[in-house]
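All remarks here apply to the structure that follows.
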Amino acid sequence: MESGIIKKWNDPQKWGIIYCPGGRKFFLHSRSVVSGTPQLYSRVKFEVGVPRNQFELPPAVNVTVGEIVTPVAPRSLEVR
């Protein structure tokens, strides 16, 4: 079971990209969600599916959506 955060989400088309530690990325479609409602910056747990070809991101399947986390601004952008 993998875990990550939805950092790109296209609500009208119901798809997004999950970013995981180590820079790994996975494709998410709302039809793969078994629990919760996907939103930008939601924490998710999922299993990794098989991509249709070598050019696609691996799909996330059996996705469970958790709480929304607040993005942290890089130190160079913090207001002092």
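Values in this text are rule-based calculations from the coordinates and carry no lab data. Here the structure is a predicted model, which means the values were calculated and not measured. Cβ: placed from backbone, ideal geometry, glycine included. Neighbour counts: every protein chain shown.
When only alpha-carbon atoms count, how far does the chain stretch along each of its three principal axes, as whole angstroms with the largest first?
Principal-axis extents of the Cα atoms in the chain, largest first: 47, 28, 26 Å.
Using a Gaussian network model on the chain with a 10 Å cutoff between Cα atoms, which of G66, G23, G36 fluctuates the most?
G23
Could you line up R24, R52 from fewest to most neighbouring Cβ atoms inside 10 Å?
Fewest-to-most Cβ neighbours within 10 Å comes out as R52, R24.
In percent, what relative contact order does the chain have, based on Cα pairs under 8 Å that are 6 or more apart in sequence? Show your work: numbers first, answer last.
Working: 154 pairs, mean separation 23.1, N = 80.
Once normalised by length, the contact order is 29 percent.
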